[in-house]
1. May I ask you to list the residues in segment 14-52 that are surrounded by 14 or more Cβ atoms within 10 Å (Cβ to Cβ) and basic (Lys, Arg)?
2. For segment 25-61, enumerate the residues that are touching a Leu at 6+ places or on another chain (Cβ under 9 Å) and in contact (Cβ under 8 Å) with a residue 24 or more places away in the chain.
3. Considering 72, 11, which residue is at pLDDT 85 or above, of a type in the set (Val, Ile, Thr), assigned to a loop (DSSP other than H, G, I, E, B) and exposed (fewer than 13 other Cβ atoms within 10 Å of the Cβ)?
Amino acid sequence: MKGVASNCILIGREDMPAEVAYGIVKKIAENFDRYILVAKAMAMGKAIEMGKDVGFAYHPGAVKYYQERGWIK
């Protein structure tokens with residue numbers, strides 16, 4: 001069976017405090033497997049791919065988390 005796939009991207013305001021963005025990204029990454037129960041398409045992804053280049057800048061809070069995990073430089 002053929003189909004179409006795309007990344008799921010969460011977009012936040014740039015004035016969101018960095019600690020809030022960091023916390024959101026951390027919770028999603030640390031509970032990634034649980035999201036498969038909510039959205040079956042999440043099974044096609046991996047938490048480590050969250051830091052993959054999507055063509056625009058990440059929020060500084062997200063960058064901090066991704067760097068701590070070694071997912072981006």
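1. Listed by number, the list holds a single entry, 26.
2. Within segment 25-61, the first condition is being touching a Leu at 6+ places or on another chain (Cβ under 9 Å), and the residues that meet it are 25, 28.
Of everything in segment 25-61, just one residue is touching a Leu at 6+ places or on another chain (Cβ under 9 Å) and in contact (Cβ under 8 Å) with a residue 24 or more places away in the chain, namely 25.
3. Numbers: 72 fails: exposed (fewer than 13 other Cβ atoms within 10 Å of the Cβ).
That would be 11, the only listed residue that is at pLDDT 85 or above, of a type in the set (Val, Ile, Thr), assigned to a loop (DSSP other than H, G, I, E, B) and exposed (fewer than 13 other Cβ atoms within 10 Å of the Cβ).
The values are calculated or read from the model by the stated rules, or taken from the named source; none is laboratory data. Just so we're clear, the structure is a prediction, and the values are computed from it rather than from any experiment. No Cβ is skipped: glycine too gets one built from the backbone with ideal geometry, and neighbour counts run over all protein chains shown.
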